[in-house]
1. Just tell me how shielded C:138-147 is by partners: mean number of partner chain Cβ atoms within 10 Å of each residue's Cβ, no decimals.
2. Return B:Cys104, A:Cys23 ranked ascending by Cβ neighbour count within 10 Å, so the fewest neighbours appear first.
3. When the dipole is taken about the Cα centre of chain C, and only Lys, Arg (+1) and Asp, Glu (-1) are charged at their Cβ, what size is it in debye, to the nearest 20?
4. Can you give the average number of partner chain beta-carbon atoms within 10 Å of each beta-carbon in peptide B:112-123, as a whole number?
5. Got a sec? Charge dipole of the protein assembly as shown, +1 on Cβ for Lys and Arg, -1 for Asp and Glu; which of C:Val130, C:Asn141, A:Gly14 is way out at the positive end?
6. Size of the range C:56-125 along its principal axes in angstrom, Cα-based, largest extent first?
7. Could you list, bin by bin from short to long, the percent of Cα-Cα pairs of chain B in 10 Å steps?
8. Rounded to whole Hz and in sequence order, give me ³J(HN,Hα) for the range A:122-135 from the Karplus expression 6.51 cos²θ - 1.76 cosθ + 1.60, θ = phi - 60°, writing x for Gly and Pro.
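None of the figures in this text is laboratory data; all of them are computed from the coordinates on show. These numbers come from a predicted model, not from an experiment. Cβ: placed from backbone, ideal geometry, glycine included. Neighbour counts: every protein chain shown.
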Amino acid sequence: MAGMTIGLVLDLFGTFFFAMSGCILAARRKFDIIGSLFLGTLAGLGGGIIRDLILGTVPSAFNNPLYFVPPVLAALLVFFLFHSVQRFQRPLLIFDAGGLALFCITGTVKALSLGMNPVASALLGLTTAVGGGVLRDVVANRVPQLFNPDDLYAVPAMLGSALVVVLWSAGIYGTAAAMCVAAVVFGLRVVSLHYGWHIPHAAPARYTDRND
Amino acid sequence: MAGMTIGLVLDLFGTFFFAMSGCILAARRKFDIIGSLFLGTLAGLGGGIIRDLILGTVPSAFNNPLYFVPPVLAALLVFFLFHSVQRFQRPLLIFDAGGLALFCITGTVKALSLGMNPVASALLGLTTAVGGGVLRDVVANRVPQLFNPDDLYAVPAMLGSALVVVLWSAGIYGTAAAMCVAAVVFGLRVVSLHYGWHIPHAAPARYTDRND
Amino acid sequence: MAGMTIGLVLDLFGTFFFAMSGCILAARRKFDIIGSLFLGTLAGLGGGIIRDLILGTVPSAFNNPLYFVPPVLAALLVFFLFHSVQRFQRPLLIFDAGGLALFCITGTVKALSLGMNPVASALLGLTTAVGGGVLRDVVANRVPQLFNPDDLYAVPAMLGSALVVVLWSAGIYGTAAAMCVAAVVFGLRVVSLHYGWHIPHAAPARYTDRND
């Protein structure tokens, strides 16, 4: 029960962080306040909905109306405080990193607790973590952040999902462990943004000019 | 049974209206006739398929082949009568408005009759109403109509879904009520297009210049 | 059991072909190696996941980790051998055609064997065949190959799905039949690319200038 509650709290915070990233993008694109609410909702709930559809369960958000509170809050915050939010360095990316850190944990745990195998669980955690951001960017008609080769995006989430599988299998997953994993994922993502850490391209650059 | 039949009729008309919007967009983009059929099918059936996946039922369209008649009809009509269709003012938007008006009703009713709570039902009605149009615009690589800040798109559908929940809870939902709700939603959407009614932006415009 | 094994083999090859198309596109877009793995995975597994969600079963890929081998292989091959891959004429389109040919078969067979009606089965086969490519192109922010009016894309897959339904109903579906259907679909797609075969536009070209 306590684990359930902690999972819900992490999920709601993750939803809020991704929703903020969606509402900030909506503000940049000059969408209206309802467009902001939609883009925030899609970013905040999209990853979990994809996960739950694959797991064959009714998506959490449609079982528990609490999940719609963070997007409403995010849309209002961006509406009233966009000026302040903008003072932070790259707010969209920071909120997105927060959502990524929490969702790779809650997504993996949900899959494991429904009896999926470890590989599928880690992949579903990863899907939860990157899904909302991909949907946000696709409907806003831009190439998803996930595919930006100038920093690390999926790598921290992959690491986080794998860590959760290991901790769960070792029987030492709990609130403290979750906090540590979240800190590692968030830290790695933000540090990679700051220092421009990146991994090799899909293919050596000199060969990528032909079109078809 | 009569309610079932009326629901099916409304659903097929809604499918037809959205399919027309998809086929007209395909014609504008110079897709071929099969591309038109696909975009019409996606626009017409996409919203209902997302709703049914979330509800955990086999999508209506895959249980009842009748659902594929409207997209075929729309592709043929656009192929043979595009010149006439174009005479109407802004035909894509008008057909889209017709689909929006019917799907916010049928989507909400389906969710309610499968026992979802009122909030989730209204949200699923809204998802049905806007889903097909968002999929249509996303695969045609443009920012969805839903996010156009120059008129009202989601607001009429939200109002319609909420009205259906109220009428259903009050026990007075029926054909006449459905027709009234559809007229209100369609009317509000079209009037907002005509007069350029809109709601505030996601954030005050002067703060939306920074990029990241 | 043998049929099951053949289905799995065809599915894995189809996954590999689509994954190659995704990884090649990732290389063209200068995504990094993990972005390549994601785009390959989405292209390779996306169509089957959509099909399985509609069928209401846990997606094959999440039941059997083998499905993730082809995308990993494709990302590595593109990374190490992109120069050689590029020597072939239009490699992205050829791999995509291979996936199309196999997935319209395996998708239709899976739907038929789960008891869907013939129309729905052919449509799910088609969805499996075109779904991964559409997701690949949508997240890479380009108009899907499916909508390119300069050659035939959906038509070969529709023919293939219909042929499988006919062969299955006649009780003569088997490995040999599957190979023949795959050859027909692949051949028709490649020949249409080579000769620029196409079908009529969604509407006569002279009427497609107005915007809204």
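1. 6
2. Ordered by Cβ neighbours within 10 Å, fewest first: B:Cys104, A:Cys23.
3. 280
4. That average works out to 2.
5. Result: C:Asn141.
6. So the extents along the principal axes, rounded to whole Å, are 45, 27, 12.
7. 9, 35, 35, 17, 4, 0
8. 3J(HN,Hα) across the range A:122-135, in whole Hz: 4, 5, 6, x, 4, 4, 4, 5, 9, x, x, x, 5, 4.
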